[in-house]
2 protein chains.
Amino acid sequence: MSKEIPYKIYLTEEEMPKAWYNMRADMKNKPAPLLNPGTLKPMTAEELSGVFCEELVKQELDDKTAYFEIPEEIRNFYKMYRPSPLVRAYCLEKKLGTPAKIYYKFEGNNTSGSHKLNSAIAQAYYAKKQGLKGVTTETGAGQWGTALSMACSYFELDCKVYMVKVSYEQKPFRREVMRTYGASVTPSPSETTNVGRKILAAHPGTTGSLGCAISEAVEVATSTPGYRYVLGSVLNQVLLHQSVIGLETKAALDKYGIKPDVIIGCAGGGSNLGGLIAPFMGEKLRGEADYQIIAIEPASCPSFTRGKYAYDFCDTGMVCPLSKMYTLGSDFIPAPNHAGGLRYHGMSTTLSQLYDDGLMEARSVKQTEVFEAAETFARVEGILPAPESSHAIKAAIDEALKCKETGEEKTIVFGLTGTGYFDLVAYEKFHDGIMEDYIPTDAELAESLAKLPKVE
Amino acid sequence: MSKEIPYKIYLTEEEMPKAWYNMRADMKNKPAPLLNPGTLKPMTAEELSGVFCEELVKQELDDKTAYFEIPEEIRNFYKMYRPSPLVRAYCLEKKLGTPAKIYYKFEGNNTSGSHKLNSAIAQAYYAKKQGLKGVTTETGAGQWGTALSMACSYFELDCKVYMVKVSYEQKPFRREVMRTYGASVTPSPSETTNVGRKILAAHPGTTGSLGCAISEAVEVATSTPGYRYVLGSVLNQVLLHQSVIGLETKAALDKYGIKPDVIIGCAGGGSNLGGLIAPFMGEKLRGEADYQIIAIEPASCPSFTRGKYAYDFCDTGMVCPLSKMYTLGSDFIPAPNHAGGLRYHGMSTTLSQLYDDGLMEARSVKQTEVFEAAETFARVEGILPAPESSHAIKAAIDEALKCKETGEEKTIVFGLTGTGYFDLVAYEKFHDGIMEDYIPTDAELAESLAKLPKVE
């Protein structure tokens, strides 16, 4: 009856998805539109195409089309590192002594070390197709910048990365990988942009933030002929491209007749979570199936669990459109002791709407317990996980231990978004017992939320 | 007729090898035995079992048995990261404009980042089975130490790693991964051993060497109850375990009816090369097929191409048995500007004999051209290669370019042993144009070769 499940389920190249899936098409309550910060009117395609590639603008604004064909050139690139394995965590199950069945979709088997490459290659492709010279972007922990530099190198596009200064200094190796792929990397805030100079004048010692690096990258893209800006998370187009994660996951599970009970993903801007859950949420939206879907975020940057659902700026320099999302305020920056990514103040508008509609849950977890889970996982499953991914590991372990208590044989699927090779400074702190947890106070959050723009 | 070749050929778990293949069984001229450095008599199983686990001693000395069954526990561990993909380098072929067909067996998709895990898990398994408390070892670039710490963590064995001091200081992240897996890591030479203290007294400022770290690890293993020493290369047992690389490669090629013309592997102590070529060399030894087999070594540590085939010490402290091999002399240490591994003064006795019998070729390549090849490869194939593996890339590119000239459609297979995430200091030097090549002079080599022990 039930086939024996291998340690790793791989699809064949023929079984790989040929189209991305757009959750918005099945949503009754559509995500709120981006607003022009000046007029407070929805951004038009024309306005957006000064910032983004034309084809990507179409994807960004389209909440009707359920499937977008994946161009052959992108599918060929995907074949270099995809399909990614869906792994049955036999060893973790044994270690925990749980009756639960745990699966993880591992996206770290490529040089960028994370799922970010899935959208980077798509965005680079459309930029190339439009005849652009290059693209600009920001990067925090460095995963997105690395992915984009790989994608640009493949299509021979110039790539300018603004890297949050504190990461630039603490992660020289990330920078070096980007250089290997021919990207130029500038620490942000920098003297190369108006917004950078303004921020440096106001906060001379600042170590930067994602919001501020976004402002710089957007300024360069909009003021340099032949360039556009690309973003690695939050946007609808990114969730669309990342749906390849969920589509592969679902196809692999279907191959063995497995129906998950719980689906868990870490959430910063939402790119991984939105991609992993896409086809499952689609079934849920269409009333075809039900799943428990859980977003896991850091207690130090808790936009879902402690943020407000409101229009806010996407960046610190306030040059980007306004987005309706769960947000902590565009001024909010998690404490420097927060390791890894998942440090964006806001959240994907699509996921925000789904969460607001009660279609998914959210939980926050503390950094030290995340690293404990990471170490437990590494020792039995072999893979050294990224701090981001380890948020999902922590929650999956919690769920599996609940099953141990209740005896339930739930099937748990989580996203293992990447590897931790560039996060060893954080691992070292954890081993040395000097890693700290940071949880913003209510007063801190109230202060940054008080600065939300007035819309309506 | 010919099936379309996918980008990555994966075996199913059922198709994975169930036994390792021992090339020595098919060799007419057997590799020379290890000698006791005191008596100059062949080492007995009893003598060796003070240093190595009993089961591994059997494998070490057995030059008759062609196949050793892979225990189920090891096969289960293999399933966590194997089968490794055999990749068709479509993008590299296109970039080079060559009619050659290039394949590489990629062994870097595991946290140790290299093929070393294949033997580490086997050696840890036999240590556990023997009821030992732990094992000791040395590590240079850190790949072997990482692999062994992962394997020991899986079987809950203690793991003491002596890490060459210069690597310990330059590669704190490698150390941190080993700590994640619970290993203790000591910079070598250290004050914790007699041999370490002696070397420190003689060379106070020394940054260490592999040969010296081996001496320390062996001393600790032989003087601590419940411990044995394990080694990641050079030995027959290691080549046996690594044959899983070649067996998978051959099975994947056979699936598509592909017969390689040229097989290329980088060679330091010989673990990867010996594993990759094993079943192909077997056919060659039995007269069933012919292949061009090429070992690639660094010009800075050229044991095959400029060494002497003679008995030598395996370590600097001269506590290990004597081994007949191509050697540069146990005193030889490549210049500090040599990046990555492949820095051992000697070579596997099995490969040495095969090379001496004219069954394989050897070439040396310079460091800067190796990094050029690495960057070319990374930009089109996506993977950031380890410096070690990039020696094979360089040679594969050379062969493919020859085909471009002659129009020959040769099938080239090379071993991509690992990833370069921990070698970014070397990549940085390369990008900054300050990487140097080092080629030992004849006088330098003559000096270290003059100290070979007198045997016979």
Seminar exercise, completed: Here the relative contact order (percent) of chain B, from C-alpha pairs under 8 Å and at least 6 apart, is 19
Exercise. Unpartnered cysteines of chain B (Cβ-Cβ under 4.7 Å counts as a partner)?
Worked result: B:Cys53, B:Cys91, B:Cys212, B:Cys266, B:Cys301, B:Cys403
Exercise. Residue by residue, what Karplus-based ³J(HN,Hα) values in Hz, rounded to whole numbers, does the stretch A:201-216 have, using 6.51, -1.76 and 1.60 with θ = phi - 60° and x for Gly and Pro?
Worked result: 5, 6, 10, x, x, 4, 9, x, 7, 4, x, 6, 5, 4, 4, 5
Problem set entry | Surface/4 of the Cα convex hull for chain A, nm² | 20.5
Seminar exercise, completed: Contour minus Cα-Cα span, B:Lys451 to B:Gln130, at 0.36 nm per residue, comes to 111.8 nm
Exercise. Taking the Cα centre of each part, how many Å lie between the stretch B:18-62 and the stretch A:190-212?
Worked result: 65
For this session: Run down the lysines and flag those whose C-alpha is under 21 Å from the C-alpha of A:Lys366, throwing out any fewer than 8 positions away in its chain.
Result: A:Lys308, A:Lys394, A:Lys402, A:Lys429
Exercise. If each of A:Thr305 and A:Leu401 carries a label point 7 Å out from its Cα toward its Cβ, how far apart are those two points in nm?
Worked result: 1.4
Problem set entry | the protein assembly as shown - mean residue ellipticity at 222 nm from DSSP helices (-39,500 (n - 2.57) per run, n ≥ 4, rounded to 500) | -12500 deg cm²/dmol
Problem set entry | Filtered GluC sites (Glu not before Pro), the stretch B:360-454: DSSP coil and at most 15 other beta carbons within 10 Å | B:Glu408, B:Glu409, B:Glu436
Exercise. Percent relative contact order of the stretch A:1-107, based on C-alpha pairs within less than 8 angstrom and at least six residues apart?
Worked result: 36
Problem set entry | Cross-link table A:Lys8/A:Lys64; A:Lys133/A:Lys198; A:Lys101/B:Lys3; A:Lys105/B:Lys165; A:Lys160/B:Lys410, entries beyond 31 Å C-alpha to C-alpha | A:Lys8/A:Lys64; A:Lys101/B:Lys3; A:Lys105/B:Lys165; A:Lys160/B:Lys410
Problem set entry | Cα coordinate range in the protein assembly as shown, projected on the principal axes (Å, largest first) | 95, 64, 61
For this session: Would you mind working out the magnitude of the charge dipole of chain B relative to its Cα centre, with +1 at each Lys and Arg C-beta and -1 at each Asp and Glu C-beta, to the nearest 20 Debye?
Result: 440
Exercise. If all Cα-Cα distances of the stretch B:1-148 are sorted into 5 Å bins from 0 onward, what percent lands in each bin, rounded to whole numbers?
Worked result: 2, 7, 12, 15, 17, 17, 12, 8, 5, 3, 2, 0, 0
Problem set entry | Reachable aspartates and glutamates from A:Lys454, criterion Cα separation under 17 angstrom, eight or more residues apart if same chain | A:Asp312, A:Asp315, A:Asp331
Exercise. So, with +1 on the Cβ of K and R and -1 on the Cβ of D and E, and no other charges, what is the size of the charge dipole of the stretch A:1-131 about its Cα centre, to the nearest 20 debye?
Worked result: 640
Exercise. What's the angle, to the nearest 10 degrees (0 to 90), between helix A:143-155's Cα axis and the longest principal axis of chain A?
Worked result: 80
For this session: Just tell me which lysines come within less than 18 Å, Cα to Cα, of A:Lys129; anything on the same chain fewer than 8 places away is out.
Result: A:Lys58
Exercise. For B:Pro204, which inter-copy label distances result when the label point lies 7 Å beyond Cα on the Cα-to-Cβ vector, reported in nm to one decimal and in ascending order?
Worked result: 4.5
Exercise. Using a ≥ b ≥ c from the Cα gyration tensor of the stretch B:127-227 (square roots of the eigenvalues), is it rounded, prolate or oblate, where a/c under 1.5 gives rounded and otherwise the larger of a/b and b/c decides, a/b for prolate?
Worked result: oblate
Seminar exercise, completed: With the convex hull built on the alpha-carbon atoms of the stretch A:299-446, volume per residue in Å³ sits at 140
Exercise. Can you pull the Rg over Rh of the stretch A:390-456, Cα-only, Kirkwood?
Worked result: 1.15
Problem set entry | Shortest-first nm distances, B:Ala25 label point to equivalent points in other copies (7 Å, Cα→Cβ) | 5.6
Problem set entry | the stretch A:123-198 - percent relative contact order, Cα under 8 Å, separation 6 or more | 29
For this session: Mind listing the label-point distances from B:Gly358 to the same position on all other copies, shortest first, one decimal in nm, points 7 Å along Cα→Cβ?
Result: 8.3
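FYI, it's all coordinate maths here, none of it is from the lab. All figures in this text were calculated on a predicted structure; none of them were measured in a lab. As a convention, Cβ positions derive from the backbone with ideal geometry for all residues, glycine included, and neighbour counts pool all protein chains shown.
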